[in-house]
Amino acid sequence: MARRLRQDRAGEQVNPKFRLRHNFRNIMRMDRMEDKSIRSKKVLIIDDDPGTLGLLTYLFCLNGYNATNANNGAEALTLAELIKPDLIILDVMMPGMDGWEVMQRLKDTFSIPVIFISAMDTGKARNRSLELGGKEFIGKPFNLKELIQKSDALLAPA
């Protein structure tokens with residue numbers, strides 16, 4: 001199967017996937033904290049959108065985290081028991097079991113910091129997420145640097 005290449009501005013043929021990965025890697029590689037303990041932390045990313053899930057998994061791996069993902073609430077609960085993550089990134093709006101229900105079930109068993117992400121960026125959604133025990137709430141579309149920085153801050157030793 002032949003690869004489709006396109007020409008960039010200089011007229012060179014470029015594989016668009018490589019260009020995206022290369023640019024993303026250069027832009028998103030954060031200056032990591034001096035503390036090396038953050039680099040081995042496990043993060044569970046839960047979102048029903050495959051694009052967001054892939055992007056966040058890639059971003060966290062790129063920044064030294066061990067990232068695992070789940071695309072629904074039931075799978076998330078199972079994975080949380082198996083891998084015992086240090087941090088959870090949780091979408092609020094998902095079919096079946098929403099993020100708030102996942103959080104209620106998780107907090108009965110674990111004390112894991114949770115960052116909620118949602119397209120429903122309203123005061124009511126933010127308040128409910130924080131009342132349920134979420135440490136942060138970030139509305140979509142979100143700043144990727146901000147998400148990594150907040151994750152680092154939550155996992156930094158006190």
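The values are calculated or read from the model by the stated rules, or taken from the named source; none is laboratory data. The shown structure was predicted, so the numbers you read here are calculated from the model rather than taken from an experiment. Every residue, glycine among them, receives a Cβ derived from its backbone with ideal geometry; neighbour counts consider all protein chains shown. Just the protein is used for accessible areas: all its heavy atoms, side chains included, with ligands, DNA and RNA removed. Shrake-Rupley method; radii C 1.70, N 1.55, O 1.52, S 1.80 Å.
As a size descriptor, the averaged projected area of the C-alpha convex hull of region 96-158 was calculated at 4.9 nm². Shown here for region 82-125: chymotrypsin sites (Phe, Trp or Tyr not before Pro) in loop regions (DSSP other than H, G, I, E, B) with at most 16 other Cβ atoms within 10 Å, namely PHE110. Between GLU101 and ILE83, the contour length at 0.36 nm per residue exceeds the alpha carbon distance by 4.5 nm.
Note on region 74-158: Lys pairs 8 or more places apart or on different chains, Cα atoms under 18 Å apart, count 8.
Each label was represented as a point 7 Å from its Cα along the Cα-to-Cβ direction; for THR109 and ALA153 these points are 3.0 nm apart. Taking the Kirkwood radius as Rh and the Cα radius of gyration as Rg, region 82-128 has a ratio of Rg/Rh equal to 0.97. Only protein heavy atoms count here; on that basis, with a 1.4 Å probe, LEU130 has an accessible area of about 80 Å².
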